[in-house]
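Since the structure comes first, as structure tokens, the remarks are kept for the end.
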Amino acid sequence: MQPLLEARGISRTFGHVQALKNADFNVMPSEICALIGDNGAGKSTLVKILSGADLPDGGELLIDGRPIAFHSPLDAQAAGIATVYQDLALAPDLTPAENLFLGREIKMPGLLGAAGFLNRRRMRRLAQEQFEKLGVRLKSARVAVDALSGGQRQSVAIARAAMWAERIVILDEPTAALGVVQTQRVLDLARRIRDEGTSVVMISHNMPQVLDVADRIQVLRLGERVAEFGADEVGVDDLVRAMTSGESGEKAA
Amino acid sequence: MSEQATNLVYHDRASLEERLLNLLATGWIFLLLLVLVAVFYALRPEQFGSAYNIQQLAINAAIFMVLAVGQTYVIITAGIDLSVGSVLVFASVVSAKVMLFLSGEPGTTFGTTEAGWGIVAVGVLTALAAGAAWGALNGALVAYARIPALIVTLGTMGMALGFAQIITGGVDVRAMPERMVTHIGSGELLGIPVLVLIATATVIVAGIMLHLTRFGLHVYAVGSNEEAGRRSGIRVHRRLVAVYTLCGMTAGLAAVMANARFGTTTIGGHVMANLTTISAVVLGGTSLFGGKGSVFGTVVGVFIPIILLNGFVILGIPPFWQTVAMGAVLIAAVWVDQLKRRLRKRS
């Protein structure tokens, strides 16, 4: 099967530090793919390159088999890739609907729209549809995002990414700050996004969680991909061994 | 955050509790205004409630109101504009000089000139353009040079006033077109002072733009989380320049109103304009941290010091008490804002 997104031989050096050396990575259609690795393995650098926030020194990116270059996050967004960072980047004083449509607001039809008037009712309705589709439950649509719980804020940020990314949503440690129940909700959300046909890349430290939610797991160590597993063929021990020693046992295709 | 609340079904309307909380948080200053009006009216109904007094209150508020509306936009972006008073002075001086020059009368003219409406129109446009130019400079320095707004506008505050004094040699321009003074400064339309009409129109247009348009939403977004705005594709720098330019333009409009009202420029008269507008905006519930605020709140915030002063004068309380009371109210307003934020975080 043709990968949706493929990174081949990516290198990135910061001064004396080689963050990525000849790293490969790929995302298949409609899958949840976990990217794991120890601290300093190059996960963040790779994510930045995939989302257009950083440029590689070498290697190439392909989308649907065709080479592509991202010079800014907007390029990646245009290619259908959206990233949810740990800091979420929501406007805390705006409502969930306003955040969902920020930068892509819907205006009134006709003259009013030409004058810049917003169609808030329509944005609220579409936001509600999006939240319902993804199973996100918020206590109120009109309250500022700031008033929501951490898990709800995370859900709003992910729902927003899923709304505008046709191909891939990248989640950087999406459950790091969440409690058990909220974590479960966010993982459900990732599954729903996959079931809607958008692939999800999840960066995580939590091995059991990765095994629980991911379809496929790729392991980075010291700047290169050292292993690639199907989630149902490995256990936590295998993942830890791959992360720390680079040995993968048998390498899955 | 209890899990129970998370399980509530997503609904489109604010709950009663939220509404009450909001009303209490943003409404108390409006309530204070109503209480002040009620108390002063109860104590001195004839004087305080007279048509003349109400009209004077509105006229006193008008210039201040226009300035505060511009300041509201700036503060919602988490900025501040200390230069509004100086920009007002600069715009009024330049506008007055241009009108005097066009009327062909000597530069030493006192009193009024015979300039026609065409010249007045040029004067108005000059004032607006002069204000907008200072605002654009403020905005560009804040957005592109990344200098804190406090410092940028502190700098342009000195520069604008300095240039106004250089242009005039420090002496007020005392010749205004008579038409402008009689028809705008002390004129009425349908029994309402023209100055009040201008201020009302400004408030309405600014309120609609802030609360109903895409530009307005972006103003909130930039103040709430600039980085989020940038990642969403909002041209944050351009929005900032536009907001400061708008604020400069309101200072230009206020300059026209001041010229028309007093029949002279007032170089020494607006030293405190920045602080009074900022305190009015903050009183009105606009957060100094950005992202939150309303034009209606600012209207309330503008009237509180004016009503206080008026009431004290009518009651025979030394007017100096007004500044004391205002200081206390301002601190209380910011305290309530902090409480509100904490409350919201916890809810």
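Numerical summary
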quantity: Sulfur and carbon atoms: percent of accessible area, chain B [1.4 Å]; calculated: 71 percent
quantity: Cα gyration tensor category, rounded, prolate or oblate, for the stretch B:132-283 with a/c compared to 1.5; calculated: oblate
quantity: Computed E for B:F101/B:M159 - FRET, C-beta separation, R0 25 angstrom, nearest 0.05; calculated: 0.60
quantity: Mean Cβ neighbour count within 10 Å, used as a protection proxy, ranking B:263-274, B:321-332 highest first; calculated: B:263-274, B:321-332
quantity: Interchain or long-range residues, amide H under 5 Å from B:T286's placed H; calculated: B:S294
quantity: Heavy-atom surface of the stretch B:199-318, accessible at 1.4 Å and reported per residue (Å²); calculated: 33 Å²
quantity: Helix B:51-76 axis, angle to chain B major axis (alpha carbon atoms, nearest 10°); calculated: 60 degrees
quantity: Solvent-accessible surface (1.4 angstrom probe) belonging to B:W117, in square angstrom, nearest 10; calculated: 130 Å²
quantity: Only Lys, Arg (+1) and Asp, Glu (-1) charged, at Cβ; chain A dipole about Cα centre in debye; calculated: 1200 debye
quantity: Global form of chain B, assessed from the alpha-carbon gyration tensor, a/c cut-off 1.5; calculated: oblate
quantity: Using alpha-carbon coordinates, inclination of helix B:320-346 to the longest axis of chain B, degrees; calculated: 30 degrees
quantity: Chain A, helix-only ellipticity at 222 nm - DSSP H runs n ≥ 4, -39,500 (n - 2.57), divided by all residues, nearest 500; calculated: -10000 deg cm²/dmol
quantity: Entries of A:K139/B:K292; A:K21/A:K43; A:K21/A:K48; A:K48/A:K139 with Cα pairs more than 24 Å apart; calculated: A:K48/A:K139
quantity: Virtual spin-label span in nm between A:E173 and B:M272, 7 Å along Cα→Cβ; calculated: 5.1 nm
quantity: Of B:V196, B:V35, B:V173, the one that fluctuates the most in a GNM where chain B has Cα springs shorter than 10 Å; calculated: B:V35
quantity: Residue-wise HN-Hα coupling along the stretch B:142-147, computed from phi with Karplus coefficients 6.51, -1.76, 1.60 (Hz; x: Gly, Pro); calculated: 5, 7, 8, 7, 6, 8
quantity: For the pair A and B, total buried accessible area rounded to nearest 100 Å², probe 1.4 Å; calculated: 3400 Å²
quantity: For the stretch B:238-246, 3J(HN,Hα) per residue [Karplus equation, 6.51 cos²θ - 1.76 cosθ + 1.60, θ = phi - 60°, Hz, x = Gly/Pro]; calculated: 5, 4, 5, 4, 4, 5, 5, 5, 4
quantity: Rounded to the nearest 20 debye, dipole of the stretch A:24-85 from Cβ charges on Lys, Arg, Asp, Glu; calculated: 140 debye
quantity: Positive dipole terminus of the protein assembly as shown, leading residue within B:I234, B:I63, A:P73 (C-beta point charges); calculated: B:I63
quantity: Spacing of the two label points (7 Å from each Cα toward its C-beta) at B:Q47 and B:A145, in nm; calculated: 5.0 nm
quantity: Which of B:C247, B:V171, B:V142, positive extreme of dipole for the stretch B:62-293 (C-beta unit charges); calculated: B:V142
quantity: Anisotropy class of chain A from Cα gyration tensor, a/c 1.5 cut; calculated: prolate
quantity: Peptides ranked, highest mean first, by Cβ atoms within 10 Å: ranges A:44-54, A:29-39; calculated: A:44-54, A:29-39
quantity: Per-residue mean of C-beta atoms belonging to partner chains within 10 Å, peptide B:219-231; calculated: 6
quantity: Gap separating the Cα centres of the stretch B:75-110 and the stretch A:174-253, nearest whole Å; calculated: 65 Å
quantity: Per-residue mean of C-beta atoms belonging to partner chains within 10 Å, peptide A:96-107; calculated: 4
quantity: Helix-derived mean residue ellipticity, 222 nm - over chain B, DSSP H n ≥ 4, -39500 (n - 2.57), to 500; calculated: -24500 deg cm²/dmol
quantity: Bridge type composition, the protein assembly as shown - antiparallel percent by DSSP, nearest 5; calculated: 55 percent
quantity: Derived scalar couplings ³J(HN,Hα) [the stretch B:91-100; Karplus, 6.51 cos²θ - 1.76 cosθ + 1.60; whole Hz; x for Gly, Pro]; calculated: 4, 5, 5, 4, 4, 5, 4, 5, 5, 5
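The values are calculated or read from the model by the stated rules, or taken from the named source; none is laboratory data. The model shown is predicted, which means the values in this text are computed figures rather than measured ones. All Cβ positions, glycine included, derive from the backbone under ideal geometry; neighbour counts span all protein chains shown. For the accessible areas, the whole protein counts, side chains as well, though only heavy atoms, and no ligand, DNA or RNA atoms are used. Shrake-Rupley method; radii C 1.70, N 1.55, O 1.52, S 1.80 Å.
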